[in-house]
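Student: One structure, as structure tokens, below. Some questions next.
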Amino acid sequence: MRPHPPGSQAEVARSRGEKAGEARVVEMSGLGRLFGRGKKEKGPTPEEAIQKLKETEKILIKKQEFLEQKIQQELQMAKKHGTKNKRAALQALRRKKRFEQQLAQTDGTLSTLEFQREAIENATTNAEVLRTMELAAQGMKKAYQDMDIDKVDELMADITEQQEVAQQISDAISRPVGFDVDEDELLEELEKLEQEELARELLHVGDKEEEPPIKLPGVPSTHLPEEPAPKADEDEEALKQLAEWVS
């Protein structure tokens, strides 16, 4: 087969085909990267994602404050012009409407970011709880790995048997040694003795000597000495005698 001369139609077609193939390869590689066929990049950790969301939330909050200020400014501008400059007032109201629309979009975006952040925080908390529960389960498994339920049952049975033996030994030690005595017979004999003693006391009630009456002291017969006259009476008597002597 003869080679095509340079500049022939076949050569031009082949060149165009090669370029088209290269373009398709480049396009496919771009689509592969877009749909994840390319090399996967390492994703952020939950902590990094939460931090990034918080930063974006702060930016959106500042944007909200800015839009609210602009809305108030445009509203004041519309009120200022009023009917004096109708065109300026309408322009101010149009800008106010645009700012209100942007504010509504910002509010929706902020709500979405807050929902994502809370979802990641809850997922992180749940993952930590699951790790803790897994560690606890492993610790419990390790604690019981040397235990066998059959051995535990045997041990408890042995303990119960030993307790019964100990109780039997204690009962045997505390039992009095010697002949057995009937407690009912002893109580009956004690009751007879008490009745005999009571009957003896009733028979000797009249034989007791009467006790002599108690003699009280008598009333004294001598007169008690009179009390001396008060000193005031003596002074009056002396004054009377002096009056009679003067007269």
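The values are calculated or read from the model by the stated rules, or taken from the named source; none is laboratory data. Because the structure is a prediction, the values reported are computed rather than measured. A quick note on method: Cβ atoms are made from the backbone with ideal geometry, for glycine too, and the neighbour counts reach across all protein chains shown. Remember, those area values only see protein heavy atoms, side chains included, never the ligands or the DNA or RNA. Shrake-Rupley method; radii C 1.70, N 1.55, O 1.52, S 1.80 Å.
Student: Which residue out of Leu198, Leu113 is of a type in the set (A, V, I, L, M, F, W, C) and open to solvent by 90 Å² or more (accessible area, probe 1.4 Å)?
Tutor: Of Leu198, Leu113, the one residue that is of a type in the set (A, V, I, L, M, F, W, C) and open to solvent by 90 Å² or more (accessible area, probe 1.4 Å) is Leu198.
Student: Mind telling me which of the residues Ser15, Ser29 ends up being touching a Gly at 6+ places or on another chain (Cβ under 8 Å), of a type in the set (S, T, N, Q), at pLDDT below 95 and exposed (fewer than 13 other Cβ atoms within 10 Å of the Cβ)?
Tutor: Only one candidate passes the filter, namely Ser29.
Student: Criterion first (within 30 Å of Glu57 (Cα to Cα) and either of a type in the set (A, V, I, L, M, F, W, C) or open to solvent by less than 100 Å² (accessible area, probe 1.4 Å) (or both)) does Ala127 satisfy it?
Tutor: Yes.
Student: Moving on. Show the residue pairs meeting these rules: Cβ distance below 9 Å; 6+ apart or different chains; first residue within the range 88-104 and over 17 Å from Lys63 (Cβ atoms); second residue in a helix (DSSP H, G or I) and open to solvent by 90 Å² or more (accessible area, probe 1.4 Å).
Tutor: Ala88/Lys80; Ala89/Lys79; Ala89/Lys80; Ala92/Gln73; Ala92/Gln76; Ala92/Lys79; Ala92/Lys80
Student: Here's another thing I want to ask about it. Answer yes or no as to whether Glu57 is surrounded by 14 or more Cβ atoms within 10 Å (Cβ to Cβ) and closer than 24 Å to Ile120 by Cα.
Tutor: When the stated conditions are applied, Glu57 passes them.
Student: Let me ask you something else. Going residue by residue through the range 92-112, is there one that turns out to be of a type in the set (Asp, Glu) and modelled with pLDDT of 90 or more?
Tutor: Yes, the range 92-112 contains a residue that is of a type in the set (Asp, Glu) and modelled with pLDDT of 90 or more.
Student: Moving on to the next point. Tell me which residues, restricted to the range 45-80, are in contact (Cβ under 8 Å) with a residue 60 or more places away in the chain and of a type in the set (D, E, K, R).
Tutor: Residues satisfying the conditions are Glu47, Lys54, Glu57.
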